[in-house]
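See below for the structure under consideration.
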Amino acid sequence: MRLDHFMARANALYYANHDPFADFTTAPEIAQMFGEILGAWSATVWRQMGGPSPMLWVEAGPGRGTLMTDATRALTRVAPAFLDAARLHLVETSPRLRALQARSLPHATWHAGLETLPPGPLILLANEFLDALPIRQFVRRGQGFTERHVEAGQFTEHAGSPPLPLPETVPEGAVIELNEAALAFTTALAQRIAQQGGAALLLDYGPAQSAAGESLQALHAGAPADPLVNPGAADLTAHVDFARLADAARAAGAMVRGPLPQGALLERLGLYVRAGRLAAGTSPRQALGIMQAAQRLAAPERMGSMFKAIVLHHPSLPTPPGFEA
Ligand code: SAH
């Protein structure tokens with residue numbers, strides 16, 4: 001089976017049957033500040049758009065629904081007009097996670113992909129969504145490439161031609177990953193933004209520059225596992241190729257800013273100020289917990305530099321908050 005088909009099946013099985021958050025932790029699950037900051041970001045972008053109403057507020061791959069829950073709560077007092085205008089739409093394929101999301105976000109509408117979203121300007125957020133989408137892997141052999149398949153828990157190599165030109169200068173045996181699903185999602189999103197307006201903030205794990213190398217990984221109970229055995233038991237992810245996605249989004253007509261390290265973005269959006277404010281009213285022990293959570297999200301040696309953000313936006317909008325040069 002081709003690797004992307006294997007990964008798609010394994011993850012569909014995994015997300016249908018497991019609580020992913022027993023196996024890994026994500027930024028919104030680490031601190032409510034993450035969702036609160038992205039909520040404030042959404043409200044600011046909405047004002048930059050001229051405050052359209054109604055406006056689609058979309059999250060792709062919402063997991064437990066924590067990000068949007070925190071964002072909504074934070075905006076209730078400070079941006080009620082935004083919440084009045086916002087129609088919440090969630091792109092999620094797992095029935096199990098949809099049910100979980102409905103508990104805290106009962107007013108949302110669910111979609112399996114972008115295609116079924118109603119027309120209109122949108123603000124889309126996605127955290128650790130693209131890294132869960134299936135990848136293909138190609139191996140440099142002689143003057144060409146083979147494609148990796150998975151058979152009985154092992155990689156096999158098959159003749160196959162890459163659907164896009166791959167770098168020719170990589171050494172024999174080097175692996176090049178291609179995330180077609182992420183490219184298709186980003187291209188469709190960029191086209192929609194170019195035609196109907198809005199902005200999308202995509203946060204994920206990956207390098208700023210495209211590079212050869214394999215990044216497919218499985219996490220089970222917080223520890224690395226073999227991605228090829230026991231499909232469906234572990235979450236499979238791969239690094240997001242931000243440079244390639246940015247090129248595709250530009251070609252589709254959107255403005256693109258970033259990638260920016262997650263730490264830099266969160267700091268610019270006031271993470272430490274917010275943490276200080278939150279901590280001020282609490283016990284010393286709680287205050288320490290809040291400051292440590294902020295550091296975990298933003299410090300370069302924690303999540304601050306391996307995680308990155310790009311924003312796609314309509315060319316008529318000013319640079320979205322946090323992405324100013
Ligand atoms: N954003 C959340 C969850 C990340 S886990 C957080 O940061 O905590 C990845 C999420 O993407 C899960 O909700 C998973 O069910 C969803 N997902 C994975 N593949 C998908 C696909 N092809 N289409 C829609 N959602 C998908």
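Listing for the model above:
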read-out: Normalised contact order of the stretch 1-158, rounded percent, pairs of Cα under 8 Å and 6 or more residues apart; value: 30 percent
read-out: Antiparallel %, DSSP beta bridges [both residues in the chain], to 5; value: 65 percent
read-out: Between helix 271-280 and the chain: long-axis angle, C-alpha atoms, 0 to 90°, nearest 10; value: 50 degrees
read-out: Per residue accessible area of the stretch 269-325, 1.4 Å probe, in Å²; value: 52 Å²
read-out: Selection from Gln191, Gln137, Tyr14 lying farthest towards where the dipole of the chain points positive, charges on Cβ; value: Gln191
read-out: The stretch 41-199 - accessible surface per residue (Å², probe 1.4 Å); value: 43 Å²
read-out: Segment Gln209-Met1, length gained on full extension (0.36 nm per residue, minus Cα span); value: 72.0 nm
read-out: Accessible heavy-atom area order of Asp226, Asp4, Asp241, highest first, probe of 1.4 Å; value: Asp226, Asp241, Asp4
read-out: Protein-only accessible surface order, largest first, of Glu59, Glu168 at 1.4 Å; value: Glu168, Glu59
read-out: Farthest toward positive dipole pole in the stretch 90-194 [+1 Lys/Arg, -1 Asp/Glu at C-beta], among Leu166, Gln154, Leu117; value: Leu117
read-out: Cβ-placed point charges (K, R +1; D, E -1), dipole of the chain about Cα centre in debye, nearest 20; value: 1000 debye
read-out: Gain upon complete extension [Ala99, Arg277; 0.36 nm per residue less C-alpha separation]; value: 60.7 nm
read-out: Separation between Cα centres of the stretch 260-325 and the stretch 172-218, rounded to whole Å; value: 22 Å
read-out: Whole-angstrom gap from the stretch 20-80 to the stretch 100-126, using each part's C-alpha centre; value: 12 Å
read-out: The chain, accessible surface, carbon-and-sulfur percent (1.4 angstrom probe); value: 55 percent
read-out: Degrees between helix 180-196 axis and first principal axis of the chain (Cα, 0 to 90, nearest 10); value: 40 degrees
read-out: Accessible area, probe 1.4 Å, largest first, for residues Met49, Met1; value: Met1, Met49
read-out: Charge dipole (debye, nearest 20) of the stretch 1-160; +1 at Cβ of Lys and Arg, -1 at Cβ of Asp and Glu; value: 160 debye
read-out: Antiparallel DSSP beta bridges within the stretch 1-154, percent to nearest 5; value: 30 percent
read-out: Sum of -39500 (n - 2.57) over DSSP H runs of 4+, divided by residues of the chain (222 nm, nearest 500); value: -11500 deg cm²/dmol
read-out: Rounded to 10°, Cα long-axis angle of helix 3-17 versus longest principal axis of the chain; value: 40 degrees
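The values are calculated or read from the model by the stated rules, or taken from the named source; none is laboratory data. Because the structure is a prediction, the values reported are computed rather than measured. Using ideal geometry, Cβ is built from the backbone for each residue, glycine included, and neighbour counts are taken over all protein chains shown. Heads up: the accessible areas ignore ligands, DNA and RNA and are worked out on the full protein's heavy atoms, side chains in. Shrake-Rupley method; radii C 1.70, N 1.55, O 1.52, S 1.80 Å.
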